[in-house]
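The values are calculated or read from the model by the stated rules, or taken from the named source; none is laboratory data. In this text the structure is predicted, and so the values were computed from the model without any measurement. Reconstructed Cβ throughout: ideal geometry from the backbone, glycine too, with neighbour counts over all protein chains shown.
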Amino acid sequence: MRSKYAIKQISVFLENRKGRLAEVAEALAKADVNIRALFLADSSEFGILRLVVNNPEKAKAILASSGFAANETDVFAVEVEDEPGGFYKVVKVLADNNIDIEYTYAYAGASHKAILFFKVKGQDFDRALELLAKNGNRLVEAAEIYD
C-alpha cells in the first residue's frame, strides 16, 4: 500500500539570511519544477524548507547542484472537504490509534477540497494509511501530486 501513496518530500536546510528562500525558488523555477506545497520552519539561525514538487528527483538534483543540502522523506496526503472539522476527522483517527504525527501541513485549492500532508514515524506509515482508508478518508496517490 505504501508505494502508491508515499509522496517524496524534499527537505532543504537553509541559513536564515535574506534572499536564501528566493534562491531555492529561482533554482526550481529555472529547472521547470513546480512547487505543489511547502512548509518552512525556522529558528534565528537556520530553517528547514519542506517541499512537495511535481518532480522530486529533478528537484533534489537541481538543489544539490545549486549548493543546497537537501534530502528526501516519505509523507502521505489525505484529501478532505475544505470546511470546519475536515482536519480534525483525520487527526482524530490517527490520535485514537496512537499514531504519532511528527508534522503536518496543507494546501487548499479552488475545488473546495484541501490536501493534508503528514509525516509519521516510519513504522506507523502503513498502519496510518490502512486506518485512514478504513475510516473512509481519501488517500491521495503520489501520481496525483506529481501530475
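Some notes on this structure:
- Scan the range 46-62 for residues that are assigned to a helix (DSSP H, G or I) and within 17 Å of the chain's Cα centre (by Cα) and the total you get is 5.
- Some residue of the range 65-87 being in contact (Cβ under 8 Å) with a residue 12 or more places away in the chain, assigned to a helix (DSSP H, G or I), surrounded by fewer than 16 Cβ atoms within 10 Å (Cβ to Cβ) and on the phi < 0 side of the Ramachandran plot: no
- Top-ranked residue of the range 111-136 - restricted to ones that are assigned to a helix (DSSP H, G or I) and under 21 Å from Phe39 (Cα atoms), ranked as modelled with the lowest pLDDT: Gly122
- Restricting attention to the range 2-45, the residues being more than 18 Å from the chain's Cα centre (by Cα) and hydrophobic (A, V, I, L, M, F, W, C) number 4.
- Sole residue being over 20 Å from Ala6 (Cβ atoms) and either modelled with pLDDT under 95 or not polar (S, T, N, Q) (or both), chosen from Ala106, Ala77, Ala59, Ala69: Ala69
- Among residues of the range 26-64 being loosely packed, with under 15 Cβ neighbours inside 10 Å and among the small types (Gly, Ala, Ser), the one that is farthest from Tyr146 (Cα to Cα) is Ser44.
- Each residue in the range 15-25 was checked for being exposed (fewer than 12 other Cβ atoms within 10 Å of the Cβ) and in contact (Cβ under 8 Å) with a residue 24 or more places away in the chain, and 1 of them qualify.
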